[in-house]
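First comes the structure, then the notes that go with it.
We did not get these values from a lab; they are worked out from the coordinates using the rules stated. Source: prediction; values computed, not measured. Don't worry about glycine lacking a Cβ; one is built from the backbone with ideal geometry, like all the others, and counts go over all protein chains shown.
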Amino acid sequence: MTFDPRTTPARSDLAAEHLKGTIEASRYVAGQDRMVATSSAPMTARAEPEAGLSSQLLRGEVFTVYDIDDDTGLAWGQAHRDGYVGWVPNFMLEPVEATTHHVTALMTHCYPEPEVKTRPFDMLPMASAVTVVGQEGKWLELDTGGWVPGRHLSDALPGGDWVAIAERFAGVPYLWGGRTASGIDCSGLMQIAMYMAGLECPRDSDMQSALGQDVAGDRRRGDLAFWKGHVGVLVDPDTLLHANAFAMATVREPFDLACDRIAAQGDGALIGLRRL
């Protein structure tokens, strides 16, 4: 049996304890749940601090740690939200505490006081999970001691039209492995928008190609369009929204033009459309 290393916490020398008897490894570890304490944490596929991003974890996401590399300070484990496996800086993790709210703005500033003229000391991306412990007027106080505009937080995921949420990322820079408004990739855009709408969505485009059903007939808003290693969503039958390295941004593009351009640049023809 073949296991996907992106979603299976197993290496030849170590594996999660629950995989004992399924995957062979030198030792098995129960793991310890930790939580991301910074606005975001880089995830890499290798235990190398300067390796390219494979993904990012957001504030408040829970990450089960199975191993810590003392030489690099990187922790190896699995994210709870999407099951993605990789290495993240251990100093960015803290003990798990219950969260109460999600960030619903693309990004929100965190202020030292409930006053807009004070200098923010942090920014939190959409889908971050935080703990609110107080309120003063329109401001909500976090357990970290900072203050966030109340209209940027919600005690429940907003739900609604996930495509409309994705459209809010138009113009955001492209970043391989990114999941925030500071930089996002094609599959990260789909994942964050669906998550905020209360829909489950795996991390990578090839995983997302199993969502929904093949489209038969006319294209519709919300249809997912797949190429090899790439995904976008139709905002109407003739317009594609996608984060891409050609524009180095999240852009709207005529669907037929996008198909022609992607094929012309050597990345192949459209694989298909899927409808949730």
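Using amide H atoms built 1.01 Å from N in the peptide plane, name the residues 5+ places from THR108, or on other chains, whose amide H lies under 5 Å from its own.
Result for THR108 returns LEU124.
Can you order the peptides 64-73, 233-242 by their average number of other Cβ atoms within 10 Å per residue, highest first?
Top to bottom by mean Cβ count within 10 Å: 233-242, 64-73.
Dipole magnitude of the stretch 68-141 about its Cα centre, charges +1 at Lys/Arg Cβ and -1 at Asp/Glu Cβ only, in debye to the nearest 20?
Using Cβ point charges on Lys, Arg, Asp and Glu, the stretch 68-141 gives about 380 debye.
By how many nm would the segment from VAL133 to ARG11 grow when fully extended, if each residue of separation counts as 0.36 nm and the alpha-carbon distance is taken off?
Between VAL133 and ARG11, full extension yields an extra 39.9 nm.
Inverting the mean 1/r over all pairs of different Cα atoms, compute the Kirkwood radius of the stretch 99-181 and quote it in Å.
One over the average 1/r among Cα pairs gives 13.5 Å for the stretch 99-181.
HN-Hα J couplings of the stretch 30-35 from phi, Karplus 6.51/-1.76/1.60, θ = phi - 60°, integer Hz, Gly and Pro as x?
Here the 3J(HN,Hα) series is 5, x, 10, 6, 10, 10 Hz.
Over the chain, what is the relative contact order in whole percent, taking alpha-carbon pairs under 8 Å and six or more residues apart?
Relative contact order here is 12 percent.
Treat each spin label as a single point 7 Å out from the Cα along the C-beta direction, and report the ARG275 to GLU48 distance in nm.
Calculated label separation equals 4.5 nm.
Tell me the Kirkwood radius of the stretch 224-276: reciprocal of the mean inverse pair distance over distinct alpha-carbon atoms, in Å.
11.0
State the Kirkwood hydrodynamic radius of the stretch 67-110 in Å, one decimal place, computed from all pairs of distinct Cα atoms.
Across the stretch 67-110, the inverse of the average 1/r is 12.8 Å.
Amide H to amide H under 5 Å from ALA249: which residues, 5+ apart in sequence or cross-chain, H placed 1.01 Å off N in plane?
Residues meeting the amide H criterion: TYR174, ASN244.
Can you work out the Karplus-derived ³J(HN,Hα) for every residue in the stretch 213-220? Use 6.51 cos²θ - 1.76 cosθ + 1.60 with θ = phi - 60°, whole Hz, and x for glycine or proline.
For the stretch 213-220, the Karplus-derived couplings read 10, 4, 7, 10, x, 5, 6, 9 Hz, x marking Gly and Pro.
Among VAL29, GLY177, GLY188, which residue has its Cα furthest toward the positive end of the charge dipole of the chain, with +1 on Lys/Arg Cβ and -1 on Asp/Glu Cβ?
Farthest towards the positive pole: GLY188.
Suppose a student asked you for the relative contact order of the stretch 56-118, using Cα pairs under 8 Å spaced at least 6 residues apart; what percent would you report?
Relative contact order of the stretch 56-118: 21 percent.
With +1 on each Lys and Arg Cβ and -1 on each Asp and Glu Cβ, and nothing else charged, work out how big the dipole of the chain is about its Cα centre, in Debye to the nearest 20.
My answer is approximately 480 debye.
Once you sort the root eigenvalues of the Cα gyration tensor of the chain as a ≥ b ≥ c, which label holds: rounded (a/c under 1.5), prolate (a/b larger than b/c) or oblate (the other case)?
Oblate, since a/c reaches 1.5 and b/c is not below a/b.
What order do you get for 88-95, 156-163 when each peptide is scored by the mean count of other beta carbon atoms within 10 Å, highest first?
Most protected by this proxy first, the peptides run 88-95, 156-163.
Label the stretch 1-93 by shape, choosing from rounded, prolate and oblate, from the square roots a ≥ b ≥ c of the eigenvalues of the Cα gyration tensor; if a/c is under 1.5 it is rounded, and otherwise prolate applies when a/b is larger than b/c, oblate when it is not.
Verdict is prolate for the stretch 1-93.
At a threshold of 8 angstrom on Cα-Cα distance, excluding pairs fewer than six apart, so keeping six or more, what relative contact order does the stretch 62-156 reach in percent?
22
Hey, got the dipole for the stretch 152-276? About the Cα centre, +1 on K and R Cβ, -1 on D and E Cβ, debye to the nearest 20?
120
Under the Karplus relation 6.51 cos²θ - 1.76 cosθ + 1.60, θ = phi - 60°, what is the ordered set of whole-Hz ³J(HN,Hα) values for the stretch 47-57, x standing for Gly and Pro?
The phi angles translate into 7, 10, x, 9, 5, x, 5, 9, 6, 9, 9 Hz.
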